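**Student:** Here it is, the structure in full.
Computed from the coordinates by the stated procedures, all read-outs in this text should not be read as laboratory data. Since we're looking at a predicted model, the values are computed, not measured. Neighbour counts are summed over all protein chains in view; Cβ atoms, including those assigned to glycine, are modelled from backbone coordinates with ideal geometry.
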Amino acid sequence: MTVESNMYEEVKPQSMSTCALGAAAVPVPEQLCIFGTGDLGRSLGLRLLQSGYRVVYGSRRPNSCGPLPEGAQVMSHAAAARSASLIFICVHREHYGFLQTMAPNLDGKVLVDLSNNLKKGVYPEANAAYLQSLVPGAAVVKGLNTLSAWALQNGLLAGKQVYLCGNSAEAKQAVAEMATKMGLTVLDRGSLSSARELEDFPLRLFQEWRLPLRVALGLIAFFFFYLLIRDVIYEALEKGNDISFRIMISLANKVFPIVSLIMLSLCYLPGVIAAFLQLYRGTKYRRFPDWLDRWMLCRKQMGLVALGLAFLHAIYTFIIPIRYAVRHKLISRVVDEMKNNKTTPFDFDNTEAWGTDSFLVLGILGFFLYVLLGLTSLPSVGGTLSWREFSFIQSKLGHLTLFICTSHGYIYGWNKFLRPSTYKWYTPPGYMLCLIVPSVVLVLKFLVLLPCVDRTLTRIRQGWERNQPGEEMAMTKATNL
């Protein structure tokens with residue numbers, strides 16, 4: 001008899017039982033077994049109990065294994081294995097030896113290997129393959145190893161994607177049904193030969209953040225050295241003034257908002273590029289280029305990096321009044337006015353006052369919307385919103401945030417755009433360069449929102465194609481007539 005059929009025969013009696021006092025069949029929760037009473041095992045057991053399963057733990061020391069979730073049982077490994085057909089292995093590979101000694105108790109069972117390694121290439125074969133060699137009579141399934149004890153304990157599993165692989169289709173189906181009941185989304189990665197790939201997933205460091213971080217670091221480096229040349233080196237060579245102290249705060253407080261605004265605009269640029277690409281092709285059924293797909297998949301990370309830089313800009317702005325250079329400048333101005341017995345006249349046209357207040361208000365509103373976008377990108381917050389609500393915040397309010405922050409930059413420039421002194425060594429200031437990308441995005445978005453363009457784009461996204469066979473025949477007949 002095969003492993004799959006043995007598994008099926010053992011699972012079936014536990015799914016239903018007959019009530020002793022009546023003929024009606026009363027459903028009894030399926031019992032699952034967990035080997036391992038550490039953080040991962042306890043958190044997994046708690047989540048399984050909340051999902052409606054019965055849980056039994058297998059332990060070397062059943063009487064002294066520490067606190068377990070309320071409602072769970074604890075037995076020896078052999079007794080626990082006999083009581084369930086699906087067993088979770090929540091122990092490290094180094095402790096797999098006891099499984100070989102109790103192999104007869106595991107024949108026909110489904111073993112779910114949740115183990116991970118500290119780094120890649122530690123062992124010649126995957127942990128799941130090694131486990132299968134120890135208990136050849138069992139059906140080993142590699143999966144759920146990307147779940148952390150913290151996520152399991154706090155119930156942050158809704159829609160989270162997990163991977164499974166194994167040689168038994170029935171065993172994978174049993175594990176997939178259990179995972180779906182826990183609120184997980186399951187993706188089958190094939191046979192057990194894919195186990196090493198699955199075990200390497202948790203070892204990847206900031207896999208989805210690499211492109212956004214590289215772009216951000218590249219922009220920070222470029223604008224830092226660009227502004228260093230324009231502001232500090234220019235002042236030293238042309239005027240003989242040593243203002244190198246500005247590197248720590250003043251220069252950084254220019255770089256952070258510049259890169260933040262560009263990163264925010266890069267979140268929405270691929271969307272308008274995709275829209276124009278669909279308009280050009282006249283269909284939504286052709287795949288985007290790989291570079292555009294990758295760009296669109298990391299928009300969330302780009303937005304969070306932009307939010308982090310905006311936070312730094314806000315903090316740096318708050319500490320500006322307590323800087324030595326600023327305090328010295330203000331005190332010197334007051335002393336000079338007292339000595340000369342004169343006061344700097346107020347701008348009675350209110351131009352400077354309006355510009356300053358507008359600049360500050362737009363900065364505050366932009367930062368508020370920034371934070372709102374960041375909060376709704378969190379799974380715990382976004383999961384409480386409907387798709388329409390989420391789309392409204394991330395798309396419409398997102399473009400509004402980009403517009404407000406871009407206006408914030410334009411007002412910062414005010415009338416400096418027309419002053420020859422602004423262009424040191426014939427180079428534009430950094431804030432002018434950073435306004436290029438967001439301005440292009442806003443103009444392209446405005447074109448997409450035009451009724452004639454929006455109507456066609458909406459039809460394409462609803463499935464209409466420009467060159468449908470019926471339309472081609474109609475056009476041919478019209479031409480012949």
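**Student:** Using r as the Cβ-Cβ distance of residue 160 and residue 372, and R0 as 22 Å, what FRET efficiency do you calculate, to the nearest 0.05?
**Tutor:** Values: r = 24 Å, r/R0 = 1.09.
E(calc), rounded to 0.05, equals 0.35.
**Student:** To continue, here is another question. Using DSSP H assignments, which helices in the chain have an axial alpha-carbon span of 30 Å or above and a mean Kyte-Doolittle hydropathy of 1.0 or higher? Show your work: numbers first, answer last.
**Tutor:** Values: long enough: 250-281 (47 Å, 1.38); 299-319 (31 Å, 1.11); 351-376 (38 Å, 1.38).
In the chain, the long hydrophobic H runs are 250-281, 299-319, 351-376.
**Student:** With charges set only on the Cβ (+1 for Lys and Arg, -1 for Asp and Glu), what does the dipole of region 3-203 come to about its Cα centre, in debye to the nearest 20? List each step's numbers first, then the result.
**Tutor:** Values: 17 positive and 16 negative charges, 79 e Å.
Magnitude of the dipole: close to 380 debye.
**Student:** Sticking with this one: Neighbour counts of other C-beta atoms within 10 Å: give me 295, 414, 150 arranged from fewest to most. Spell out each step's value before the answer.
**Tutor:** On the way: 295 22, 414 15, 150 11.
Exposure proxy ranking, most exposed first: 150, 414, 295.
**Student:** Using the Cβ atoms and a cut-off under 15 Å, what net charge is assigned to the surroundings of residue 226, where Lys and Arg are +1 and Asp and Glu are -1?
**Tutor:** Numbers: positive: 230, 246, 254, 424; negative: 231, 235.
It works out to a net charge of +2.
**Student:** Note down the nm distance, to one decimal, between modelled labels 7 Å out along Cα→Cβ at residue 249 and at residue 281.
**Tutor:** Between residue 249 and residue 281, the simple spin-label model gives 5.2 nm.
**Student:** With the cut-off at 32 Å, tell me which of the pairs 329/396; 300/416; 119/254; 109/181 have Cα atoms farther apart than that. Could you put the intermediate results ahead of the total?
**Tutor:** Details: 329/396 43 Å; 300/416 34 Å; 119/254 40 Å; 109/181 20 Å.
Violating the 32 Å Cα-Cα cut-off are 329/396; 300/416; 119/254.
**Student:** Further question: How much of the pair distance distribution for the chain lies past 42 Å, counting alpha-carbon pairs only, in percent? Numbers along the way, then the final one.
**Tutor:** Working: 51747 of 115440 pairs.
Of all Cα-Cα distances in the chain, 45 percent exceed 42 Å.
**Student:** How big is the charge dipole of the chain about its Cα centre, in debye rounded to the nearest 20, if each Lys and Arg gets +1 on its Cβ and each Asp and Glu gets -1 on its Cβ? Intermediate results must be reported in sequence, preceding the final value.
**Tutor:** Numbers: 48 positive and 34 negative charges, 172 e Å.
Taking the Cα centre of the chain as origin, the dipole is about 820 debye.
**Student:** Let me ask something additional. Ranked by Cβ crowding within 10 angstrom, fewest neighbours first, how are 110, 334 ordered? Before the final figure, lay out the partial values.
**Tutor:** Numbers: 110 31, 334 10.
Fewest-to-most Cβ neighbours within 10 Å comes out as 334, 110.
**Student:** Dipole magnitude of region 399-461 about its Cα centre, charges +1 at Lys/Arg Cβ and -1 at Asp/Glu Cβ only, in debye to the nearest 20? All intermediate terms of the calculation are to be shown ahead of the outcome.
**Tutor:** On the way: 7 positive and 1 negative charges, 13 e Å.
For region 399-461, the charge dipole is close to 60 debye.
**Student:** Which order do 393, 89, 331 fall in if you start with the one that has the fewest other Cβ atoms within 10 Å? Write down the numbers at each step before the final one.
**Tutor:** Working: 393 20, 89 25, 331 10.
Exposure proxy ranking, most exposed first: 331, 393, 89.
**Student:** Please compute the modelled spin-label separation between residue 357 and residue 188, points set 7 Å along Cα→Cβ, answer in nm with one decimal.
**Tutor:** With each label placed 7 Å out from Cα toward Cβ, I get 6.7 nm.
**Student:** Cα centroids of region 240-257 and region 298-351: how far apart, whole angstrom?
**Tutor:** A separation of 13 Å, based on Cα centres.
**Student:** Count the net charge of all other residues whose Cβ sits under 13 Å from the Cβ of residue 113, scoring Lys and Arg as +1 and Asp and Glu as -1. Before the final figure, lay out the partial values.
**Tutor:** Numbers: positive: 93, 109, 142, 172, 196; negative: 125, 199.
Residues close to residue 113 contribute a combined charge of +3.
**Student:** Now a separate question. Using every alpha carbon pair in region 3-203, what percent of pairs falls into each 10 Å bin from 0 up to the bin containing the largest distance?
**Tutor:** Going out from 0 Å in 10 Å bins, region 3-203 shows 9, 37, 39, 12, 2, 0 percent.
**Student:** Let me ask something else about it. What percentage of all Cα-Cα pairs in region 207-469 are separated by more than 33 Å?
**Tutor:** On the way: 11142 of 34453 pairs.
Roughly 32 percent, once rounded to a whole number.
**Student:** Put +1 on the Cβ of each Lys and Arg and -1 on the Cβ of each Asp and Glu in region 207-469; which of 356, 222, 413 then has its Cα farthest toward the positive end of the dipole?
**Tutor:** 222
**Student:** Compare the Cα positions of 124, 138, 212 along the charge dipole of the chain (+1 at Cβ of Lys, Arg; -1 at Cβ of Asp, Glu; about the Cα centre) and return the one farthest towards the positive end.
**Tutor:** 212
**Student:** Same structure, new question: Quick one: net charge around residue 286, please, counting Lys, Arg +1 and Asp, Glu -1 for every other residue with C-beta under 15 Å from its C-beta. Each step should come with its number before you reach the end.
**Tutor:** Values: positive: 281, 284, 287, 461, 466; negative: 290, 293, 465.
So the environment of residue 286 carries a net charge of +2.
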